[in-house]
Each structure stands twice: as C-alpha cells, then as structure tokens.
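Below is one structure, written out as structure tokens; comments come after it.
The values are calculated or read from the model by the stated rules, or taken from the named source; none is laboratory data. These numbers were taken from a predicted model, which means no experiment stands behind them. For neighbour counting, all protein chains shown are included, and Cβ atoms are generated from backbone atoms with ideal geometry for every residue, glycine included. Heads up: the accessible areas ignore ligands, DNA and RNA and are worked out on the full protein's heavy atoms, side chains in. Shrake-Rupley method; radii C 1.70, N 1.55, O 1.52, S 1.80 Å.
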Amino acid sequence: MIPEVGIDWDACIGLMLQAMQSLQQGLLHLLAALGAARDIDGQPAWPFALRLSGEVMLIDRSVARALMGALGYSAAALLLVALSFAWKRARIPLLLAGGALLLFTPWPDTALLTAPAVPTSFHTSPTGFSATAIVRGEQLYTRQCIACHGADGKGNTPLALSLPVAPPNLSSGLLWRRSDGDIFWSLQYGKGGKGGMPAFATRISVADSWALIDYMKANAAGVGITDTGAWPRPVALPDIALACRSPGATHLSQWHGQRIRLVVAKPGKAPPPEDPRLQSVLLNGAAAPDTVGAIDCANSQRDALHAIAIITGTPEEKLPGTQLLADRDGWLRARNASGDWSPDDMLCRSTAVGEGAGNTAGGMDQLIAAMDADPVRFAKGGFFTHRER
C-alpha cells in the first residue's frame, strides 16, 4: 500500500493526466501526418470510438493510484526485459520475471479509464476565446437556442418542458465537464435519438458554432456570479483588440504569462494610474483611444464592454468604475468597484483558503499573493488545462 504521507496526490494526478492528454494529442498528430486521420473543418479527426479519460480519476483517487501502480509494474517489467539483453547469464529468469509482471499487472477496469469519443473530441476553437466571438455567439443563441435553453441556459422554458427529452442545463458544470470538441460535435451534428437536439450544421457555420460555445461559457459565468456572488467555475479573460500609445501589443492574448487588469472607464473620473505589477487596459466603450489617460492601452469597441457585461452578469450601464483582474494563466480571478483591493475581491478560487498565504501586506499585494498561492486547477473533458485560449 502506498502511504499518504509526503505524497502530493493532486500534483501526481495532475501530471499523469497531462501526460495522458499529451499522449493522445501526439498520437492524433502522428496519425494525421501519416494520413491515417481524416481532416474535419481544418483539424485532424480522432479515429477511435473511445479516448482516455480523467473524469473518474479526478473524483476517485483510488483509480488514479491503481493506474500509477499498474504503470509502475509495466515500467519494471520493461526494465527487466531490457536488462535481459545486457545480462546473458540471467536472460531467461529476467525475461520470465518481466513477462510475469506484465501478465499479472493489476490494471484498473477499462471503463474507468476511457470515455466515448467523437471525431472532433480534440478540436479547439481556431480563434480562441474572444470578446468578438462572445457577442457574435449571443446573437446566434438568441435566434437558434433561447427558445429551448432560455436566456439563462437552464432550460426551463415552456418549449423545453414540453419536449420528451429535457435540454441540458447550460449554466451548470456541463460546459466544463465536456471538451469543447465534444460540444462542437453536438452543435454541428446533434445528439441523435427521439427528442434530442437537432443538427445545426446546415443552419450555422463552423465559425458560428465556436462562437456559440464561447457565448455559452461567458453566459454561464454571468449566471453563476449572479446566483452565487462568485464564478463557480473558472472563466478566462476573453481576448480583445488593443490600441496603445506605444507600439507593441495589439491583442490581450500577446500578454501571456502576465497579470492583466481591465478598468471600465467612468465618465468624469480619471482612470487609476498604471501599476508595474500588472498590464492595464481601459475599456472606454465608444470613446476614442486617445482618452486612455494614465493607462497606456485601451479598447474602444462596444463588443469588449458587452462581453465583460455578459461574463460578470452586470448590465453595461452599471459597469463604469469596475475593475477586473486576471492571473498569469489568463483566468479572471477578482472584481472591484471601489479601487481598494483586498483578497475578498477574489471571486474564483480553487480552495476555500486564500488569505494571501500569510502575507501581511494590504490591498493589491495581498490579493496577488492570494492568487499566486491558490492557482486555478481547471479540469475540462477530464484533463487539467492551464489556459482557455
């Protein structure tokens, strides 16, 4: 039995899941390079009915331990086989021992390690999570989806209640449990069966399907923060275009690995000054870029402001003066309307703890320390990911 003491199982499981995901993605790209995986919408299609899955292991550590143990047995068996070629006198015993280890390795039930797959299971949005896509997705959702799923995505509409199969609650954890590629397949090709969601491939384009997924994530975040006062699941800071006085960045996505602060301009009030700990951006709606004041970069497009309104569940007219903070991995973590930051402003936590890990400094220093001490652990499709875009 493997002892608990001294082993960070969360870290071990995370590393194993990342390795499993990398293995699958590497296999897919290899098959594509060899011409053994067809192309769907510009990305290689997964050719198998099953894929490796981390869903069960994220819930039940015993399954993860069993898999680690089985991998350890297999590694030992392969080592014995390798040694047999170098040690001729003991070749037969080593081969027998290695074969016995392989034969009697206690692998977990395959059903616990795999999940059904579709050809687009490993597809991702070609444009990434962006404000423009969120606003485009909202328009499509209103036309194509709202009658069944409702404005809040909960599916409590009269039409939905009359269907033989109730539509899923899009404001729940569904969008986070499933991979984007699986959701994309459902949108394009339907769920099948009587009463299931119809296929939309003939009604909306591939790009529009990805925009719908972006909007559903943003809307679920807004519904979550309205219902609970926090983001119950991680949501990324969407990519937006930048207009900066000094040459350099043209989009938020270029600031990978840096903390980002969004400041919604408030009429008649100067924005806060730049902060050396952060990359700051002023959202000033339809104002001209040269009104950024003390902040070097701004976005004057209405789409950006509207996307933030959706993600925060806040009407646009109530946003002025609001500031949002994203961590180095691009996740939105905190919101503040007074300008006096504290760890209480952190609305996305991986744990119940987060008081700055003992940091006694106040304001922004304490909030940054709390975020750094509590990084987002985000599992999507059963695998940890560091960034949404």
Review point. Quick one: Karplus J couplings for the range 183-191, per residue in order, coefficients 6.51, -1.76, 1.60, θ = phi - 60°, nearest Hz, x for Gly and Pro?
Key: 5, 4, 4, 4, 5, 6, 10, x, 9
Practice item. Mind ranking 227-237, 295-305, 79-89 by how tightly packed they are, going by the mean number of other C-beta atoms within 10 angstrom, highest first? Key: 295-305, 227-237, 79-89
Revision key, fill the gap. Expected vector for the range 228-237, Karplus 3J(HN,Hα) from phi with 6.51, -1.76, 1.60 and θ = phi - 60°, integer Hz, x for Gly and Pro, equals 10, x, 8, 7, x, 9, x, 9, 7, 6
Review point. Amide H neighbours of K380 under 5 Å, counting only residues 5+ apart in sequence or on other chains, H built in-plane at 1.01 Å?
Key: T385
Review point. Taking a temperature of 37 °C and a viscosity of 0.692 mPa s, what whole-number D in µm²/s does Stokes-Einstein yield for the chain with Rh from Kirkwood over alpha carbon pairs?
Key: 139 µm²/s
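Keeping all protein chains in place, calculate the accessible area per residue for the chain (probe 1.4 angstrom), answer in Å². Walk me through the numbers before you get to the answer.
Values: 19000 Å² over 389 residues.
Per residue, the chain has 49 Å² of solvent-accessible surface.
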Exercise for review: Just need log10 I(q)/I(0) for the range 178-287 at q = 0.19 Å⁻¹, Debye formula, equal scatterers on the alpha-carbon atoms, no solvent, rounded to two decimals.
Suggested key: -1.13
Revision key, fill the gap. For the chain, the percent of accessible surface on carbon and sulfur atoms (probe 1.4 angstrom, ligands and nucleic acids excluded) is 61 percent
**Study point:** Phi-based couplings in Hz for the range 242-250 (Karplus 6.51, -1.76, 1.60; Gly and Pro marked x)
**Key:** 10, 10, 10, 5, 9, x, x, 5, 10
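Taking 20 °C and 1.002 mPa s as the conditions, I'd like the Stokes-Einstein D for the range 1-99 in µm²/s, using the Kirkwood hydrodynamic radius from alpha carbon pairs.
The calculation lands on 129 µm²/s.
Using DSSP, restrict attention to beta bridges with both residues in the chain and report what percent are antiparallel, rounded to the nearest 5.
Details: 22 of 31 bridges.
In the chain, DSSP labels about 70 percent of beta bridges as antiparallel.
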Revision key, fill the gap. Beyond 22 Å (Cα-Cα) in this structure, taken from K318/K380; K217/K380; K191/K380; K217/K269, we find K318/K380; K217/K269
Check your understanding: Amide H neighbours of Q279 under 5 Å, counting only residues 5+ apart in sequence or on other chains, H built in-plane at 1.01 Å?
Key -> R259, I260, R261
Exercise for review: Would you grab the residues whose amide H sits under 5 Å from the one on I40? Only those 5+ places off in sequence or on another chain, please, with H modelled 1.01 Å from N.
Suggested key: A45
Exercise for review: Kindly provide the Kirkwood hydrodynamic radius of the range 49-178 in Å, to one decimal, from all pairs of distinct alpha carbon atoms.
Suggested key: 19.5 Å
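In what sequence, highest mean first, do 12-18, 323-329 appear when ranked by Cβ atoms within 10 angstrom?
Details: 12-18: 16.7, 323-329: 21.6.
Listed from highest to lowest mean packing, they are 323-329, 12-18.
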Review point. Anyone know which of L78, L50, L319 comes out most mobile in the 10 Å Cα GNM of the chain?
Key: L78
